[in-house]
Amino acid sequence: VQNTGKRGISVGYPGGVNITFDAENLGLNQVWWGRFLDARPVWTGQGSGQAHLLSRDRGTLANGPALQTVREDEPWPKTTRRERGDQFLGYELDPQQRPTFRYTSGDLTIEDTPREHIQDGKTQLRRTLVVRGEWQSLQFLLARHKDITRVDEQTIRVDRWLTIHTGKHTAVILPAGEEKEARLSMLFENDPSEIQLTYTWTKEGK
């Protein structure tokens with residue numbers, strides 16, 4: 001899949017919101033609105049082509065393992081999920097054929113459930129992560145981009161159009177070389193613990 005690789009899983013939801021989950025790097029790395037995919041290059045290229053996204057209304061998220069045991073003032077680790085020993089555990093489908101992705105992060109098991117959500121006539125992406133395992137203090141990487149700004153305590157904007165609402169958690173925006181990172185500091189005191197994120201695409205002037 002375009003911008004992802006050979007282990008990308010793309011899902012189109014009712015209302016015209018779509019995602020790609022990278023099963024190699026264990027990250028939801030793309031969300032877009034509008035038309036879905038053109039898969040013809042894969043079918044006609046004997047598996048050597050790429051499926052192309054059919055909309056420019058898209059946000060690129062930080063790929064790779066999003067939950068890491070790292071302090072807020074430390075650089076984000078560059079280790080791959082294979083170097084960390086993390087595993088993709090597959091996915092389960094609900095009655096509407098919408099997947100919940102399952103994977104590990106260290107001793108934790110994550111159930112990652114993206115769903116369409118209608119708010120004020122707009123289709124949003126509502127993402128719920130259920131984290132199971134022993135209590136840990138972790139960082140969750142929301143986004144990495146040169147243009148990240150704060151809208152309010154629980155909302156950030158990435159590249160002017162994509163907003164991410166972080167529910168009860170407050171995002172921290174940190175410098176990361178020539179880019180910025182938006183992170184959540186997570187204290188998992190309960191088993192399971194839950195993170196809920198809402199992604200919204202807003203055109204300029206609308």
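Quick notes on this structure:
- With respect to the conditions (1) farther than 19 Å from Thr4 by Cα; (2) open to solvent by 50 Å² or more (accessible area, probe 1.4 Å); (3) in a loop (DSSP other than H, G, I, E, B), Gln50 falls short on a single one, namely (1).
Residues are listed down the side, and each one gets a yes or a no for (1) in contact with a Pro (Cβ under 7 Å, 6 or more places away or on another chain); (2) open to solvent by 30 Å² or more (accessible area, probe 1.4 Å); (3) touching a residue at least 40 places away in the same chain (Cβ under 8 Å); (4) charged (D, E, K, R):
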| site | (1), (2), (3), (4) |
| --- | --- |
| Pro41 | no, yes, no, no |
| Leu54 | no, yes, no, no |
| Arg84 | yes, yes, no, yes |
| Gln97 | no, yes, no, no |
| Ser105 | yes, no, yes, no |
| His117 | no, yes, yes, no |
| Arg132 | yes, yes, yes, yes |
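- Residue match in segment 2-22 (condition: at pLDDT 90 or above, among the hydroxyl-bearing types (Ser, Thr, Tyr), under 28 Å from Leu89 (Cβ atoms) and over 13 Å from the mean Cα position of the chain (by Cα)): yes
- All positions within segment 1-47 that are part of a strand (DSSP E or B) and β-branched (Val, Ile, Thr): Ile9, Val11, Val17, Ile19, Thr20, Val31
- Complete set of residues in segment 23-39 that are among the polar types (S, T, N, Q) and either open to solvent by 10 Å² or more (accessible area, probe 1.4 Å) or more than 14 Å from the chain's Cα centre (by Cα) (or both): Asn25
- Every residue from segment 53-68 that is of a type in the set (A, V, I, L, M, F, W, C) and in a strand (DSSP E or B): Leu53, Leu67
- For segment 106-121, the count of residues that are among the small types (Gly, Ala, Ser) and within 15 Å of the chain's Cα centre (by Cα) is zero.
For (1) under 24 Å from Thr80 (Cβ atoms); (2) open to solvent by less than 40 Å² (accessible area, probe 1.4 Å); (3) at pLDDT 85 or above; (4) in contact with a helix residue (DSSP H, G or I) (Cβ under 9 Å, 6 or more places away or on another chain), each residue gets a yes or a no:
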site: Ile110; (1), (2), (3), (4): yes, yes, yes, no
site: Lys146; (1), (2), (3), (4): yes, no, yes, no
site: Asp152; (1), (2), (3), (4): no, no, yes, no
site: Asp159; (1), (2), (3), (4): no, no, yes, no
site: Asp191; (1), (2), (3), (4): no, no, no, no
site: Thr198; (1), (2), (3), (4): no, yes, yes, no
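The values are calculated or read from the model by the stated rules, or taken from the named source; none is laboratory data. Since we're looking at a predicted model, the values are computed, not measured. Note that we place each Cβ from the backbone using ideal geometry, even for glycine, and neighbour counts take in every protein chain shown. Quick note on the areas: whole protein, heavy atoms, side chains included, nothing else; ligands and nucleic acids left out. Shrake-Rupley method; radii C 1.70, N 1.55, O 1.52, S 1.80 Å.
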